[in-house]
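All remarks here apply to the structure that follows.
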Amino acid sequence: MIYGQVIFYGASVALFAIGLYAILVKRNLIKILLGLSLIEGAVNLFLINIGYIWGKTAPILSNKELLAHPSAKAVDPVPQALVLTAIVIGVAVTALALSIIMRIYETHGTLNVDKIKELRW
Amino acid sequence: MIKKAFALLLVVIIAIFLSVTFAKIPFGYPKTVVGKYYLDHGVKDLGGVNIVTSIVVLYRGFDTLGEVTVLFLAATGLGMVLAGLREKDEKKRKKTPPSLIMRTETKLLFPMTILFGAYIFIHGHLTPGGGFPGGVVIASAFLLMFLSHKKWEAKEKYTKITEALAGMTYVVIGLIGLYVAGSFLENFLPKGVPGNLFSAGIIPLIYTAIGFKVGSELTGLLQNLRETTE
């Protein structure tokens with residue numbers, strides 16, 4: 001079924017492209033950070049998509065039918081566990097980056113990367 | 001303009017290469033053997049109904065301990081980076097005080113939001129959710145209070161103590177497993193009936209510790225950010 005690949009992988013590629021474009025073109029540090037967060041979302045979406053299996057349900061074996069044949073009825077749980085980890089780390093890293101941006105604003109008075117002279121080389 | 005055009009070109013090229021690579025990965029078919037193993041043996045091995053939780057807390061428990069450490073490092077790093085940073089031109093900025101509706105509603109919502117967070121992490125082995133989302137919900141309750149009450153604060157002493165105690169609980173549970181069952185973070189409690197609240201051995205204990213840890217860490221982080229922006 002080709003449309004799954006087109007839609008689901010296509011969405012993560014599109015998100016990645018938008019985030020990368022923001023990082024390359026935008027001059028405002030907070031917008032660059034937003035681009036990074038978009039790329040992170042794209043990677044998480046891609047990992048979840050890899051784990052999906054047609055016609056199967058979430059790996060929470062809450063009824064008898066599911067408990068009897070788990071692997072025939074539920075999707076791959078490993079990518080979901082990985083993404084659970086990645087989301088939390090992403091939040092922490094975004095908060096740390098924001099604090100560094102606040103510091104930069106304090107010392108330079110601007111968020112524009114073109115105007116921060118120390119970054120030039 | 002030229003810069004933007006080049007950036008667009010680069011992005012398009014990268015997107016095309018990514019698409020070509022992803023086109024080789026079939027969508028919607030089983031790929032890993034280990035996932036199948038976890039699904040088939042998870043309930044028998046550990047007693048937890050939610051397989052994702054079983055993987056995060058027990059099969060890959062060491063990894064989660066490292067993740068909690070990364071979260072702790074990021075929160076501490078944020079505190080260090082922001083230390084000494086205070087708003088100088090306080091008079092210049094106009095502040096709108098929170099409205100009466102906001103103040104009343106958040107007071108009402110605060111205990112309920114915390115209760116909901118606790119519910120999420122206590123039922124981590126039965127329902128979608130667990131320590132990390134539960135902790136974030138608890139921190140959001142504190143965020144609501146920060147937004148609506150200017151004078152109200154979460155004392156840093158208490159968030160730090162809660163966080164340290166929760167982290168120590170996690171490691172101590174792991175060490176008890178090492179002593180009783182023979183390896184670090186091994187399950188040493190009875191597994192119970194799958195699907196009951198008191199089942200799945202040490203998963204609820206560890207997720208409660210993680211819930212407290214994440215909640216207090218994010219609250220401290222928000223408190224740090226707030227002190228510098230107000």
Check off (1) under 16 Å from residue B:79 (Cα atoms); (2) within 14 Å of another protein chain (Cβ to nearest Cβ) for residue B:197 and give me the number that stays unchecked.
(1)
Being without any contact (Cβ under 8 Å) to a residue 12 or more places away in the chain, more than 8 Å from chain B (Cβ to nearest Cβ) and within 30 Å of residue B:43 (Cβ to Cβ), is that true of even one residue in the range A:77-88?
no
Is one or more of the residues making up the range B:169-184 under 21 Å from residue B:114 (Cα atoms), at pLDDT 80 or above and of a type in the set (A, V, I, L, M)?
no
Restricting the range B:128-161 to residues that are among the β-branched types (Val, Ile, Thr) and within 15 Å of the chain's Cα centre (by Cα), which is farthest from residue A:61 (Cα to Cα)?
B:138
Can you tell me how many residues within the range A:87-96 are surrounded by fewer than 17 Cβ atoms within 10 Å (Cβ to Cβ) and not polar (S, T, N, Q)?
2
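Taking residue A:99, is it surrounded by 19 or more Cβ atoms within 10 Å (Cβ to Cβ) and under 28 Å from residue B:69 (Cβ atoms)?
yes
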Inside the range B:18-45, can you point out the residues that are open to solvent by 30 Å² or more (accessible area, probe 1.4 Å) and of a type in the set (A, V, I, L, M)?
B:18, B:20, B:23, B:25, B:33, B:34
Qualifying residue in the range A:54-63 (condition: in a helix (DSSP H, G or I) and either crowded, with 16+ Cβ neighbours inside 10 Å or polar (S, T, N, Q) (or both)):
no
Within the range B:15-36, how many residues are closer than 28 Å to residue A:18 by Cβ, more than 7 Å from chain A (Cβ to nearest Cβ) and not in a loop (DSSP other than H, G, I, E, B)?
4
Residues in the range B:186-205: is at least one open to solvent by 50 Å² or more (accessible area, probe 1.4 Å) and at pLDDT 80 or above?
yes
Checked the range A:3-52 for anything within 12 Å of another protein chain (Cβ to nearest Cβ) and either outside any helix (DSSP H, G or I) or of a type in the set (D, E, K, R) (or both); matches are A:26, A:27, A:52
Only one of (1) open to solvent by 60 Å² or more (accessible area, probe 1.4 Å); (2) away from chain A (no Cβ under 12 Å); (3) of a type outside the set (A, V, I, L, M) is not met by residue B:128, so which one is it?
(2)
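The values are calculated or read from the model by the stated rules, or taken from the named source; none is laboratory data. What you are looking at is a predicted structure, and each value in this text was computed from that prediction instead of being measured. Quick reminder, even Gly has a Cβ in these numbers, built from the backbone with ideal geometry, and neighbours come from all protein chains shown. Heads up: the accessible areas ignore ligands, DNA and RNA and are worked out on the full protein's heavy atoms, side chains in. Shrake-Rupley method; radii C 1.70, N 1.55, O 1.52, S 1.80 Å.
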